[in-house]
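To start, the structure under review is shown below, and the notes come after it.
The values are calculated or read from the model by the stated rules, or taken from the named source; none is laboratory data. Computed from a predicted model, the values in this text were never measured in an experiment. Please note: Cβ atoms are built from the backbone with ideal geometry, for glycine as well, and neighbour counts cover all protein chains shown. The area values use the complete protein model at the heavy-atom level, side chains included, leaving out ligands, DNA and RNA. Shrake-Rupley method; radii C 1.70, N 1.55, O 1.52, S 1.80 Å.
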Amino acid sequence: MKKNKKREFQSSELVKSFARIHGFEDKLVAFEIKDFLEDYLDESLFQEIISVNLDDKIIQLRINSPLLKNDFKMRKSFYLKKFQDKFGEEKFIDVQIL
């Protein structure tokens, strides 16, 4: 039996249309990116990610750990490509590591 994620409601068309009307579509995409990172990264590494935001097609990742922050900076183009493959190339132009 598949376990439902905390944010499973995001995929609902009603929620997406509500977000479009009220202008917080970017926040829903940021939640999807965070869910993707939760699945992709080890649990201890994922705990170091403080927040994920999307602002003008730029993904902003706040990371607590200096080592993980450096790893993301070194592999920035790799992660950007992963996000573009998963969510669409037109949605993102850059990744900022903060």
Practice problem: Measure off 7 Å from each Cα along the Cα-to-Cβ vector at residue 73 and residue 24, then give the distance between these two points in nanometres to one decimal. | Solution: 3.2 nm
Quiz item: Which aspartates and glutamates, on any chain, are close to residue 76 with Cα under 13 Å apart, when same-chain ones fewer than 8 places away are left out?
Solution: 94
Self-check item: Accessible-area composition of region 26-98, carbon plus sulfur, in percent [1.4 Å probe]
Solution: 48 percent
Exercise. Please give, to one decimal in nm, the separation of the simple spin-label points placed at residue 64 and residue 17, each 7 Å out from Cα toward the Cβ.
Key: 4.0 nm
Practice problem: Report the antiparallel proportion of the DSSP beta bridges in region 50-98 as a percent, rounded to a multiple of 5. | Solution: 55 percent
